[in-house]
Amino acid sequence: HHCDDLLVPGGERLWAAMAALKDRGLIEKIGVTVYQRRQIEAVLAAFAIDLVQIPLNVLDQRLTADDFLASIKRAGVEIHARSAFLQGLLLMPPEQMPDYFEPIRPLMHDYRAAIAAAGMTAVQAALAFVRRNQAVDHALVGVTSRAELAEILAAFEGPAFADFDFSRFAVEDRRMIDPSLWQTAA
């Protein structure tokens, strides 16, 4: 879960233990969860990883630049996208977002207006963004009810909205797109 565990002194022992489990047939694949491009590059340079779990959503488009994900895919690495809803932020009406997100509130108003004009719900838009990336093998999402799961499945199987331009909603400020950095009061 913490790919940096492989990148510290002694990380090779962790890798050897996982590889031994794979060799014995106890596990099928070895993967890492990453948060930044540099982590993927460092892990792939040192180990024969089978899959990576990456953050990918409308606001966090960092890993889609310059054919990066496609190059990982061509190297035989399976890609799982997580955070499609960005901890629910992409599903939340902008006026209900915590004050912490004030810097992106205008962008979120524009985003909600644009997806509504294109005939998309927030769930459809979030999933359409992930679906259109051909390098992604699987999308991981969280649900809190059967109804949410049904809505997500219907949206995932629905139209891909291929002509919609999501690139204008990318956010570079990690404080807004990395939940581990969020400073919101509970």
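The values are calculated or read from the model by the stated rules, or taken from the named source; none is laboratory data. Nothing here was measured: the structure is a model prediction, and the numbers come from that model. Heads up, the Cβs are rebuilt from the backbone with ideal geometry, glycines too, and the neighbour counts pull from every protein chain shown. These accessible areas exclude ligands, DNA and RNA; they are computed on the full protein's heavy atoms, side chains included. Shrake-Rupley method; radii C 1.70, N 1.55, O 1.52, S 1.80 Å.
Taking (1) at pLDDT below 95; (2) within 30 Å of GLY88 (Cβ to Cβ); (3) open to solvent by 80 Å² or more (accessible area, probe 1.4 Å) in turn, PRO9 satisfies each apart from (2). Being in contact (Cβ under 8 Å) with a residue 24 or more places away in the chain, within 24 Å of TYR35 (Cα to Cα) and in contact with a strand residue (DSSP E or B) (Cβ under 6 Å, 6 or more places away or on another chain): is that true of LEU56 here? When the stated conditions are applied, LEU56 passes them. The helices (runs of 4 or more DSSP H) falling completely within the stretch 43-159 that include 3 or more residues that are within 27 Å of GLY31 (Cα to Cα) and open to solvent by less than 60 Å² (accessible area, probe 1.4 Å) map to 68-74, 122-131. Scanning the stretch 1-11 for residues that are touching a residue at least 24 places away in the same chain (Cβ under 8 Å) and of a type in the set (Asp, Glu) returns a single hit, ASP4. Within the stretch 136-163, the set of residues being small (Gly, Ala, Ser) and out of contact with any helix residue (DSSP H, G or I) (no Cβ under 7 Å at 6 or more places or on another chain) comprises GLY142, SER145, ALA147, ALA150, ALA154, ALA162.
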